[in-house]
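Right, one structure below, let's go through it.
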Amino acid sequence: MRLARSCLEASAGLLLLLAFSGLNPSHGSLTVINFSANLVPGSCDFELDIPKLLLDPVRPAELIASRLIGAKKVELQISNCNVSTSLRPFISVSGNGQNLGKWAFRDDATSTANNIGVMLVRSDTPPDYSHPALPNGGKVTLDTSGAVVPDQTLTFYAGLICGTTANCRAATLGEVNATIEFTLNHP
């Protein structure tokens, strides 16, 4: 987590400063600096309503450019957050994939289909291809009403795309697998 890295950087900086303060005792003066810090834990519990989302099989005739095919809903439930809203927390989305006119998640090592991937959309209603696709590294802001992040449910839809006309023509049938990770983050 980013917090762990920030804490390590802060610790390294503190040790460095304390080491420098003791380097020059020959000047005959001593300056004492007192430090205090509050380390804020940053965690939430995540739970998907469907741990493994299986999309319906797709026939070749359904592979049409600029179409989101067979989108299914998945909900990410966020609870027990102990992150201050002043940290501006967000969920980052990550996973392997490729750009097919829009970002499509797919694991090349385990997928046998080509030029087909999974488009992920953050939406409370069923989307179509015109909706923005969440890419690798995409961010989803959390509801931050109050002093701490409240329990909430984020709705996503995942469906297959081949993207552009050229990609759809070059698509080959087979299996598409994708792994998508959700991580709590804050600047």
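Need the list of aspartates and glutamates near K102 for cross-linking: C-alpha distance under 15 angstrom, and skip anything on the same chain fewer than eight residues off. Filter leaves D128. Spin-label pair D49-A109: with each label point 7 Å from Cα along the Cα-Cβ axis, the two points sit 3.2 nm from one another. Stretching the chain fully between S66 and A147 yields a gain of 25.0 nm (0.36 nm per residue, less the alpha carbon separation). For I50, neighbours were defined as the other residues whose beta-carbon sits under 13 Å from its Cβ, and their charges (Lys and Arg +1, Asp and Glu -1) total 0. In the context of the full set of protein chains, residues of region 99-169 present 46 Å² of accessible surface per residue (probe radius 1.4 Å, heavy atoms only).
The values are calculated or read from the model by the stated rules, or taken from the named source; none is laboratory data. As the structure is a prediction and not an experimental result, all values here were calculated from the model. When we count neighbours, we look across all protein chains shown, and the Cβ atoms used for this are built from the backbone with ideal geometry, even at glycine. Ligands, DNA and RNA are excluded from the accessible area calculation, which covers all protein heavy atoms including side chains. Shrake-Rupley method; radii C 1.70, N 1.55, O 1.52, S 1.80 Å.
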